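Working notes, structure below.
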DNA sequence: CAACCATACTCGTTTTAACGACTATTGTCA
DNA sequence: TGACAATAGTCGTTAAAACGAGTATGGTTG
């Protein structure tokens, strides 16, 4: 997350309820992301990189890099170099398809899987530590509300 | 927000409720931020810059730049150059304090205020468009839940 | 008052992200 | 089939963010 707002207190004008939600979302997400980033740093991984690896773990047969881009937010052009960095570290591999020679298939390597495996536990623990106090009930409400919120937006 | 996860579908393992919330938060915030960024782009402003300006609007007497940094997430060192860019555009002004000559006071300029004023309406409209469909009730629940979530962390 | 620590920024450098233009294949249809 | 458009990635460049070290000023204390 690009990190943005934190408090903005001092600005006395109370915004619309919609804006309030937006600001709260931003602050909360930002705070949580910071925690995750700290955990990932132990493996020298950015959260974007972590995400790519997780996406690839979910697709053992590999994915064309356009598909990766579309599952993330970052645009096509940037994925190339993101993958470059991961490939340099042997966490993924790329190979050009023989059928459609335009597409490049990307797969996670054994090294990549191991790295993810090392992170699984700390990441889960981090999430529990940050959000566990909410309890099932509220976690569920929150998830539901967010789904509804997102469903409408384009 | 640095833009990160979007879908991650394909990864069949259903995570903990905490992780689910985290992912939903990330996706939602990301989607909403994207919308805001689009609006800000009309004035060639990044969301970080927008935030600084809003913070400063709330503090007519100016703020030392360390205080700005602490109200945002970004670290001290980076605020300097962020302000550099804003100053170059005459949106803020800086002057060294006479009392404590270490601190630099930052103020928003008339130009800066005008720019914000031009954005106020579109930004509000954007938020309503994105989240208005939730209705008072759910907006409020969401805000409350987020506050609770954040209260505990760190 | 002199040495020392803390504070408040600034500067240098390396990574990343963002935007645009460019290349290579494939698919379409006149 | 031959021109044209669409698709899939890559490359170049500029702008931000991240991390660390450095500078100046102000407070503290022996």
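Bear in mind these aren't lab numbers, they're just calculated from the coordinates by the rules spelled out. Predicted model, so just to flag it, every value in this text is computed and none were measured. So basically every Cβ, Gly included, is an ideal-geometry build from the backbone, and we count neighbours across all protein chains shown.
Quick look at the values:
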quantity: √(5λ) per eigenvalue of the Cα gyration tensor, segment B:14-57, largest first, Å; calculated: 29, 12, 5
quantity: Chain A: calculated mean residue ellipticity at 222 nm from DSSP helix runs of at least 4, using -39500 (n - 2.57); calculated: -20500 deg cm²/dmol
quantity: Degrees, to the nearest 10: A:76-88 long Cα axis against longest axis of chain A; calculated: 60
quantity: Helix A:17-41 vs. chain A, principal-axis angle (Cα, 0 to 90°, nearest 10); calculated: 50
quantity: Cα-projected label distance for residue A:16 with residue A:124, points at 7 Å along beta-carbon direction, nm; calculated: 4.2
quantity: Copies compared at residue B:81 - label distances in nm, ascending, label defined 7 Å from Cα in the Cβ direction; calculated: 1.4
quantity: For residue B:121, inter-copy label distances in nm, listed shortest first [label point 7 Å out on the Cα-Cβ vector]; calculated: 5.9
quantity: Calculated over chain A: convex hull of Cα atoms, volume per residue (Å³); calculated: 160
quantity: Per-copy distances of the residue B:133 label point, shortest first, in nm (7 angstrom along Cα→Cβ); calculated: 3.4
quantity: Degrees, to the nearest 10: A:110-131 long Cα axis against longest axis of chain A; calculated: 10
quantity: Alpha-carbon radius of gyration plus Dmax, which is the widest Cα pair, for the protein assembly as shown in Å; calculated: 20.9, 72
quantity: Geometric extent, Cα atoms of segment A:48-113 - Rg, Dmax (angstrom); calculated: 10.7, 30
quantity: Average other protein chain Cβ within 10 Å of Cβ, residues A:55-61; calculated: 3
quantity: FRET E, pair residue B:89, residue A:78, Förster distance 22 Å, beta-carbon r, rounded to 0.05; calculated: 0.25
